[in-house]
Each structure stands twice: as C-alpha cells, then as structure tokens.
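Have a look at the structure below before the remarks.
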Amino acid sequence: MAEPARPLDQRDSGERLGARGPVDLLVMLLLVVGFFLGPIKLLGTSWFGYLSADGLALLILLVVFAERVASHKPLFVASPLSVPLLLLAALCVLELANPDAPFIRSVMGLRSWVLYLGFYFVGLYSLRSVKQIERLYAVLLALGLVTAVYGVYQWHAGPQWFASWSDEYGRYARFTWSARSGVVFRAFSTFVLPNSFGANMALLMLLAFSVAACPITRAPWRSVAAAIFVVMGAGIGVSGSRGPVAQLLLAATVGVAFIPGVGGRARAALLAVVLTGVAAVVVGFLVGPVIGERFSTIFDPQTMFWKWFGPLTNGMRIAQEHPFGMGLGYTAGVPRFISDPAIRELPTANIDSGYGSAAAELGFIGLALFTYFAVKVGVESLRAWKSLPTSRLRYLLLGPALLGATYPILSVVAQPQATLPSSIYSWLLIGILMKARTLQRALDADQLLRSPLHSGQ
C-alpha cells in the first residue's frame, strides 16, 4: 500500500520547510568569500585568492552530487537548461585536447567556464522553501549594502587613502575617467575592477526591487530593500560604470514588456521610476553633476556600437583563423594576480564579449552552442517565471527572471559566466527559478492537506 501523503513540514529534515542544510551554509560562506576576493588578491596573497573560492565551490558541488548518489537519484535531471548546459560543458572538456592551447591554461579556463555554471544544479537540487530564498536574499542584499557603502567611502576618501597598501593597490589608484573638469577616480570597493563593482550592484538591485515590489512582504522589509536599492545605485555612480546602467534599463524594458496585467505592470513601473529617481538624486548629491557627463555617453550610438561590435568581431576573426578556437582560458580564466612568470606569460587576449569569447576560445561550434545556451536561458527564465501563480514566490523571483531574460543580450558586451562573485549567485538563482514551479505545487498541495475540508474536520 502506498504511503499516505504527508504535509510538507512533516517530511524528512532535508525537505522540511525552512530547513537549513550544509549546502546552504557552504553557499553563504562562498558568497561572503566571493564578495571580498578583491582585497585578498590585491594584497598579494597569491593563489589563496583563487583557491579559497574555487575550493569552496568545488566542495559544494561534490556535496550536492554526493547527496544525489547516496539517495540513488540521477546526477542530472531533465530541466529546461540541463541539455544546453551539459552540451556546452562537454565541448569545454573536449577543448582540453586543443593543440593550440597550453594545457595548464586550458585547465584554468575550464574552471572559468564550467565550475560556476554547475551552480545551476545546486539551485535546482537544493531549493526546498520560500524561506530559503528569503535567507539567500538577506545575505546577498547585506553584502551588497556593505560593499556599496564601502565603495562610496572609498570614492570620497580618494585613491591616496589606499595607494600604499600594496603594489596592486597602487596601480588600481589610477583607475580614473576624464571629465571636462579633470580626471575622476573610479571606486572598485571590494572587487577587482570598477566594472565588476558596478555590475554586481546592478544585479543585486534587481533582487532588492523584487523584495520592494512584493505586496505580500511586510512593509518594514520592503522599505529596507528599497533603501538598499538606492544605496547600491550610489555604488554604481561612484564606480563610473556605464554598463550596469544600460543593464538596468534593459531589465526595466523587459519587465514592462513581459510582466502580465496592466495593474501589476503599472505598479512595478511606478516603483522602479520612484526608486531610480531617488537613487539618481543620491548619486548627484554624492558625486556631483560631473556624473551626468559620464553616463550621457550611454545614449551615444557610436560609443555603444563599438562597445559591442569591436570585441564580437575580434572573436569572430580569431575563430576564422582557428576554426576550433584558441582553447580555454584565452580570453578569461587565467589568474592575473599571480607573480609566477609561467602563468603571467601564457598567451591571452582581452575580448569583453560572451559571444566573442566563445568564438575565440571554442571556435564556431562553440559559438553556436553558447548562442543556443544563452537564448535558452533568456526564453526559459521568462517562461518559468510566467508559469508561477501570483504568490510571494513569484514576486521574489522577478529579479532572477529579469537576470535570465537579459542574459543573451548582456552576453554581447560581457562574459557573465567568468566573473566572480556574480557568476555564483546568478546561476544559483536561475537554477532556483527553474525549480520554482515544483516548489509552488508542493506548497499548494501542503496547503490543501492542511485545510479543514480536506482533513474532514
């Protein structure tokens, strides 16, 4: 006889609502490490800055897949993104045999391509409750707030404050952009580049907006999320990064186009306008009118055209000369803060484009597979989110849905799969998004089992 269904909160401890397992704790630790890798690398701690995060990431994947083996479950389950992700990963493994690439560089490039993509399965397999998502958001937004505040402080203190900390910090003190009134320092907070600082702020602002826009969430927490949104907007301002602003504009466009219902769309749009306006005022107050000169170039067609066209065509040109690519690690993945000449002298190229990077490293076959993967991420993220009924889960996952929906476009001008710490939580959240429908059905079934009508009371 089949075992009768049990309410969700009476299942095994690993499935209990809100249960906190070892994977959750390890992921939280990895996120904290990921957000503070910048100082570790810039202070000259050599390999520790890389092995600390990568070792933790590998441990998390081993724990997740070991649990699958122990419970006699398949390592890879059918999901909207499983096939394209595994095909891309398989090609990357085959690229280890590319004769045009030094093997050590290929191994480091494989880590860049595959290691954090695996966090898609961490999110897919480990999601158990809405409370789990809320805890993850709380950690991410707290980290975003701390790094944003530190970035603003760093900008006001000026580069002379940290230039003597190490040789790398001295070099980073020269991160500036030219304005009519002179050069302006670009803050990088706890990251390794101002662009990385700004990009992480933009991604986390999408999560903050998800919480602030959720009418089911308590008002104090919505207010806190809105305030964090504004502070992280100030972080983008002091970073002087234009890409994150363009990314937020793109996410807003996608959101307005695909959020169903005129009323919900109007409320979300109004909240976005209000929060963005407040953030703009704060940025203007902190940085001054000079920031407008920097960000006005976003609307310059010539500037934006060459921003994406140059790296993309450069990658295509390399693929024409090397049909199977130059091998893994050629455009990203080789540690830059290592003093070993054998590492520093590996042949690499700077191609700031996901598609361009795929063409240069994996050739035309790799470009086709990466394009297929990127488009699937965009389409399936929106499809998964729209399949959810109106609930707290759906509101919370608006940010990850917008993150996934913009991925195929963002990949034209960036390499999202090769950037820490965003690649950790981005793939984790997209995996969670793909599992959300299953969780929602379990929540609905649990609510039905609890109803007096069902229990005969």
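Bear in mind that the values in this text are calculations on the coordinates, not laboratory data. Fair warning: this is a prediction, and the values are worked out from it, not measured in the lab. Neighbour counts are summed over all protein chains in view; Cβ atoms, including those assigned to glycine, are modelled from backbone coordinates with ideal geometry.
Report the charge-dipole magnitude of the chain in Debye, nearest 20, computed about the Cα centre from +1 at each Lys and Arg Cβ and -1 at each Asp and Glu Cβ.
Numbers: 35 positive and 22 negative charges, 233 e Å.
The calculation lands at about 1120 debye.
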Hits among lysines - C-alpha to C-alpha of K435 under 29 Å, sequence gap 8 or more where chains match
K73, K131, K376, K386
How large is log10 of I(q)/I(0) for the range 58-126 at q = 0.15, 0.18, 0.26 Å⁻¹ when the intensity is taken from the Debye formula with one equal scatterer per alpha-carbon?
-0.55, -0.75, -1.17
Cleavage-rule hits (chymotrypsin sites (Phe, Trp or Tyr not before Pro)) in the range 50-82: DSSP loop, at most 15 neighbouring Cβ within 10 angstrom
F76
About the Cα centre, charge dipole magnitude for the range 277-421 (Lys/Arg +1, Asp/Glu -1 at Cβ), debye:
580 debye
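Once you compute Rg and the Kirkwood Rh from C-alpha atoms, what is the Rg to Rh ratio for the range 86-200?
1.11
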What number comes out for the charge environment of G310, summing +1 per Lys or Arg and -1 per Asp or Glu over other residues with Cβ under 12 Å away?
+1
Three-way shape call for the range 194-283 based on the alpha-carbon gyration tensor, with the a/c threshold at 1.5
oblate
Per residue, how big is the convex hull of the range 254-408 when only Cα atoms are used? Give it in Å³.
180 Å³
Between L25 and S178, what is the label-to-label distance in nm when each label sits 7 Å out along the Cα-to-Cβ direction?
5.4 nm
How high is the relative contact order of the range 239-365, in percent, with contacts defined as C-alpha pairs under 8 Å that are six or more residues apart?
25 percent
What one gets for the range 394-436 as the Kirkwood radius, inverse of mean 1/r over different Cα pairs in Å, is 10.7 Å
Note down the magnitude of the dipole of the range 212-361 about its Cα centre, charges +1 on Lys and Arg C-beta and -1 on Asp and Glu C-beta and zero elsewhere, to the nearest 20 debye.
640 debye
Using the membrane-span-like helix rule (whole DSSP H runs, Cα extent along the own axis of at least 15 Å, mean Kyte-Doolittle hydropathy at least 0.5), which helices of the chain qualify?
22-35, 48-70, 82-94, 130-157, 194-212, 219-239, 243-258, 262-287, 354-386, 398-410
The range 345-404: GluC sites (Glu not before Pro) in DSSP coil with no more than 12 other Cβ atoms inside 10 Å:
E345
Let me check I have the definition right: for the range 236-341, take the eigenvalues of the Cα gyration tensor, multiply each by 5, take square roots. What are those semi-axes in whole Å, largest first?
35, 21, 15
Dipole of the range 115-266, positive direction: furthest Cα of V152, Y172, A257, with charges on the beta-carbon
A257
Kindly provide the helix-only [θ] at 222 nm of the chain, computed as the sum of -39,500 (n - 2.57) over DSSP H runs of four or more divided by all residues, to the nearest 500 deg cm²/dmol?
-21500 deg cm²/dmol
If unit charges are put on Cβ atoms (+1 for Lys and Arg, -1 for Asp and Glu) and the dipole of the chain is taken about its Cα centre, the option from L410, M28, V278 lying farthest towards the positive end turns out to be V278
Output the relative contact order of the chain, whole-number percent, from Cα pairs under 8 angstrom with separation of 6+ residues.
23 percent
Within a Cβ distance under 15 Å of V283, other residues only, what is the Lys/Arg minus Asp/Glu net charge?
+2
At q = 0.13, 0.14, 0.21 Å⁻¹, base-10 log of I(q)/I(0) for the range 210-257 (Debye sum, equal scatterers on each alpha carbon):
-0.38, -0.44, -0.83
Compute from the Cα atoms of the range 122-254 the Rg and the Dmax, the latter being the longest Cα-Cα distance, and quote both in angstrom.
16.7, 54
At the level of C-alpha centres, the distance separating the range 90-133 and the range 382-439, in angstrom, is 17 Å
So for the chain, taking the charge dipole from beta-carbon charges (+1 Lys/Arg, -1 Asp/Glu), which of T438, A246, F337 sits furthest toward the positive end?
T438
Solution diffusion estimate, µm²/s, Stokes-Einstein, the range 272-320, Kirkwood Rh from C-alpha pairs, 4 °C, viscosity 1.567 mPa s:
97 µm²/s
